[in-house]
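Input: a single structure, listed below in structure tokens.
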Amino acid sequence: MRERIPVVVQRDARGRRLAARGLWTGAELVVTLGVVLLLLVAHQLWWTNRQARAEAADTVHALQRDWGEPEGAVDPPVAEESQGSQEPGDGDGDSPAVGAADDDPAAASAPRRSQAYAVIRIPRIGLTAPVAQGISKRGVLDKGYVGHYPRTAQPGGSGNFALAGHRNTHGEPFRYINRLRSGDRITVETRDAVYTYTVDKTLARTQPGDGGVVAAVPRSNIKPYVGYRAAGSYLTLTTCTPEFTSRYRLVVWGKLTGVRER
């Protein structure tokens, strides 16, 4: 009977070392990538908010000083006034950038681009923020400001005073405007007057190009049964929806119900 000689296969120690090194390098890359992603998320969700809110608060204080008001001043309630022919008729039935608005004579005296010139306050959601001319990201929205759509009415003017704001990151001033309800009060303060608007209608979702929502008589082009038919003095708030996306736009409308001269 023939004797079998066992064969011993020697593993390549160098190959094992190279494989282990490759696995270790891959693990380091995965961990590094995870840390970078976490830092990016923290920057977007925390740091940009902190920076923008601080800048917006400083701008509000600067405006108040310029207007001769004590910092942190809160205006007393504004008595309601009849709007007469400005009262809108009954309607049928989220850059936050929608399409271009209709031309409006009130825009002739508009502030210069990116200039902060008003303060918006929404007690329901605890918002106080500066309003600046234009809706550019770098010059306005990313600073935590609320942006005024060019070629729409100015505060208190006949037509539509249309505004945009971030819903997430960079101060996210309009994050909670979905919580606004009919009857909620919004004030807009300028050097010369305090204007009170009362929330009237909400459009939960429309397309980014729905320019009708910021028209002089606001009315959705996508959902024409939502909006107004008659001239008046309106306020429009627009922002992106759902949260952390820019797929659609959320719109809140209000009507001018009070004016107090300074």
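Within region 239-255, residues that are more than 20 Å from ARG181 (Cβ to Cβ) reach partners that are charged (D, E, K, R) and surrounded by fewer than 23 Cβ atoms within 10 Å (Cβ to Cβ) with beta carbons closer than 6 Å, at six or more positions or on different chains, in the pairs TYR248/ARG205. Of all residue pairs spaced 6 or more apart or on separate chains, those with beta-carbon atoms under 9 Å, a first member in region 207-218 that is assigned to a helix (DSSP H, G or I) and a second member that is β-branched (Val, Ile, Thr) and surrounded by fewer than 18 Cβ atoms within 10 Å (Cβ to Cβ) are GLY212/ILE222; VAL213/ILE222. Within region 164-176, is there a residue that is crowded, with 21+ Cβ neighbours inside 10 Å and in a strand (DSSP E or B)? Yes. Only a single item in (1) at pLDDT below 95; (2) assigned to a strand (DSSP E or B); (3) of a type in the set (Lys, Arg) is not met by LYS223, and it is number (2).
When both residues are 6+ apart or on different chains and their Cβ atoms are under 7 Å apart, which pairs have a first residue that lies in region 39-54 and is modelled with pLDDT under 80, and a second that is not aliphatic (A, V, I, L, M)? Every condition considered, the pairs that remain are GLN44/THR169; LEU45/THR169. Evaluation of GLU172 against the conditions (1) in contact with a strand residue (DSSP E or B) (Cβ under 6 Å, 6 or more places away or on another chain); (2) on the phi > 0 side of the Ramachandran plot shows that the sole unmet condition is (1). Only one entry of ALA153, ALA230 meets the criterion of being part of a loop (DSSP other than H, G, I, E, B), over 28 Å from THR59 (Cα atoms), over 15 Å from the mean Cα position of the chain (by Cα) and of a type in the set (Gly, Ala, Ser), and that entry is ALA230. Reported count of residues in region 207-262, each being among the acidic types (Asp, Glu) and surrounded by fewer than 17 Cβ atoms within 10 Å (Cβ to Cβ), is 2.
The values are calculated or read from the model by the stated rules, or taken from the named source; none is laboratory data. As the structure is a prediction and not an experimental result, all values here were calculated from the model. Because the Cβ atoms are built from the backbone with ideal geometry, glycine has one as well, and the counts that use them run over all protein chains shown.
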